[in-house]
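Everything below concerns the one structure shown next.
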Amino acid sequence: MTTPLRRSASMIAFGALLIAGPALAAPHGKADPAATVRKLVASPAFKTAAAKLDADFDRTVADIVTLTQIPAPPFKEAARAKAYLDMLKAHGLSDVAMDAEGNVMGVRAGTATKGQGPFVVIAAHLDTVFPEGTDVTVKREGTRLMAPGIGDDTRSLATLLAYVRALDAAGIKTKSDILFVGNVGEEGPGDLRGTRFLFNKGPYKGRISAFFSMDGSDPARVVDRGVGSKRYRVTFKGPGGHSYGAFGTVNPMAAMARSVVDLYAIQTPTAPKTTYSASVTGGGTSVNSIPNAVFMEFDMRSESAEELARLDKTLLGIVEAAVAGENAARSTKFGKISFEPVVIGERPAGGTPPDAAIVGLTDAAITALGFAPQHEASSTDSNIPMSLGVPAVTIGSGGQAGRAHALDEWIDVDKAGSLKGMQVGLAALLAVAGVD
């Protein structure tokens, strides 16, 4: 999960998509999301589901602990995925399976579509940012649980299981099929590979009508804009040589340094917010050698696909000019400076417009449970469906949390606050899927 940005005036155009289910099929402005959700939350069935969340709360906390203590470093989520697959099977979902990318999923069939789709997806990511060997033992102090990855995003995985139990206990039947997903590859180098596969290659390709990503804890948070990103590792190469004996020979370090200086002279828009960073560097042979290769990693982000493409072109132009400048400034007797840009990450920008049904119904669920919706832009699994024109938002699993991506990451499992927050996602999911 990436640090969010508050809503700006910029919004990506929404692609047309035929959506199944009464809540989503209603034309913009025709349905009253607030009335729909108020009726839903006041219903005896929803109250029974909420009571099941309450009765099962200790089990949900135990699931959080169990899953957190199964390491899931980037690209090594298999052990946690297998455990989650077994949990989905134990909850009685149909078509429980792991796809070729490592996502695990199961279907709760709707009355109108009977497991054939289109599907409303609710997903949480299996992976964490922490490398192999990180101590993921959960420590408890009162209602606070602490461990790497416990809030981002393990709590959400357990919350999805709690929703299945609550729906079954209340006998709630949805009109649309619901696909519960534990996906791989959300964090950093994973580059949204799990969700990318789900939408572009997996067995549910072309059959998803709406998408919830549950990521983080804040029940008031609605991510309805996806911050796109592009990341490069640029390697600068040259002939190298002795720092004294070959003094005056072109130096790839100089070209790299010029690239960074010139990049940081660029002014980018504040709306849509567009950013860049020179982030990681390395290379060289020894302190008394002109390096023959050095590298720099660059990160660029924007809410706008157009601005991101413009910045991308600008960066490559800056690097090319810096290399040419170094070749002109010093001796190329032993060879010239060259550069090789390799894309190491790319996430599409996108957005779900504020008048889309999924946004209005999610806002209404947040409000009905006593919170104030906070709309944000961020880089999450929702980027993929947003970029494809599929209505999508990212929501929280309920409760308080802090220090995401840090070794002292924590969540608060105070029962009253957590249950209130958990009901937000359940209400939003049911409102979008439609209830008989």
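For a quick check of understanding: with a 1.4 angstrom probe and all protein chains in place, what accessible area in square angstrom does PHE75 have, to the nearest ten?
120
Full extension from ALA90 to ASP299: what is 0.36 nm times the residue separation minus their Cα-Cα distance, to one decimal in nm?
My answer for the length gained is 71.1 nm.
Explain nothing, just the number: relative contact order of region 250-319, from Cα pairs under 8 Å at least 6 residues apart, as a whole percent.
Normalised by residue count, the contact order of region 250-319 is 36 percent.
What nm value, rounded to one decimal, do you get for the distance between ALA79 and GLU320 when each label is placed 7 Å out toward the C-beta?
Going from the ALA79 label point to the GLU320 one covers 4.8 nm.
How long are the semi-axes of the equivalent ellipsoid of region 275-426, defined as square roots of 5 times the Cα gyration tensor eigenvalues? Whole Å, largest first.
So the three semi-axes of region 275-426 are 46, 21, 10 Å.
When the dipole is taken about the Cα centre of the chain, and only Lys, Arg (+1) and Asp, Glu (-1) are charged at their Cβ, what size is it in debye, to the nearest 20?
Dipole about the Cα centre, nearest 20: 460 debye.
From zero outward in steps of 5 Å, how is the percent of C-alpha pairs of region 28-119 spread across the bins?
3, 11, 12, 15, 18, 16, 13, 9, 4, 0
For region 202-247, max minus min Cα coordinate along each principal axis, in Å, sorted largest first?
That works out to 65, 31, 15 Å along the principal axes.
Would you calculate the convex hull of the Cα atoms in region 256-330 and tell me its volume per residue in Å³?
89
Tally the DSSP beta bridges in the chain and give the antiparallel ones as a percent, rounded to 5.
70
So what's the chain giving for Rg/Rh, alpha carbon basis, Kirkwood Rh from the mean inverse pair distance?
Expressed as Rg/Rh, it is 1.05.
How much FRET efficiency would the formula 1/(1 + (r/R0)^6) give for GLN374 and ASN200, where r is the Cβ-Cβ distance and R0 is 45 Å, rounded to 0.05?
0.90
Pairs of Cα atoms under 8 Å, at least six residues apart: use those to get the relative contact order of the chain, whole percent.
Relative contact order for the chain comes out at 26 percent.
Before I look further, what does the chain give for accessible area per residue, probe 1.4 Å, in whole square angstrom?
Values: 17420 Å² over 436 residues.
Normalised by residue count, the accessible surface of the chain is 40 Å².
Could you work out Rg/(2.2 N^0.38 Å) for region 159-304, with Rg from alpha carbons only? Please report the intermediate quantities before stating the final value.
Details: Rg = 24.0 Å, N = 146, 2.2 N^0.38 = 14.6 Å.
Rounded to two decimals, the normalised Rg is 1.64.
What's the extension gain from ALA416 to GLU141 if we count 0.36 nm per residue and subtract their Cα-Cα distance? Mind showing how you got there, number by number?
Numbers: separation 275, 0.36 × 275 = 99.00 nm, distance 1.72 nm.
Additional length available on full extension: 97.3 nm.
Suppose every Lys and Arg Cβ carries +1 and every Asp and Glu Cβ carries -1, with no other charges. What dipole size does region 316-436 come out with about its Cα centre, to the nearest 20 debye? Kindly include the intermediate steps, with their values, before the conclusion.
Details: 7 positive and 13 negative charges, 86 e Å.
Taking the Cα centre of region 316-436 as origin, the dipole is about 420 debye.
Using modelled backbone amide H atoms (1.01 Å from N, in-plane), which distant-in-sequence or interchain residues come within less than 5 Å of GLU376's amide H?
Placed amide hydrogens put VAL222, VAL223, ASP224, ARG225 under 5 Å from GLU376.
In whole percent, how big is the carbon plus sulfur part of the accessible area of region 167-245, probe 1.4 Å, protein atoms only?
The C+S portion of the solvent-accessible surface of region 167-245 is 51 percent.
For the pair ILE266 and GLU306, how long in nm is the line joining their label points, each one 7 Å along Cα→Cβ?
Inter-label distance under the simple model: 1.7 nm.
How big is the C-alpha Rg of region 316-365 next to the rule-of-thumb value 2.2 N^0.38 Å, as a ratio?
Working it through for region 316-365, the quotient is 2.42.
Report the convex hull volume per residue for region 349-436, counting only C-alpha atoms, in Å³.
114
Which whole-number percentage describes the relative contact order of region 62-140, with Cα contacts under 8 Å and a sequence gap of 6 or more?
39
What FRET efficiency comes out for the pair THR134/LYS313, r = Cβ-Cβ distance, R0 = 35 Å, nearest 0.05? Can you show the working numbers first?
Values: r = 38 Å, r/R0 = 1.08.
Calculated value: 0.40.
Specify the inter-centroid distance of region 89-153 and region 155-171, based on alpha-carbon positions, in whole Å.
11
The values are calculated or read from the model by the stated rules, or taken from the named source; none is laboratory data. Just so it is clear, the model here is predicted, and its values are computed rather than measured. Quick reminder, even Gly has a Cβ in these numbers, built from the backbone with ideal geometry, and neighbours come from all protein chains shown. Accessible surface areas use protein heavy atoms only, side chains included; no ligands, DNA or RNA. Shrake-Rupley method; radii C 1.70, N 1.55, O 1.52, S 1.80 Å.
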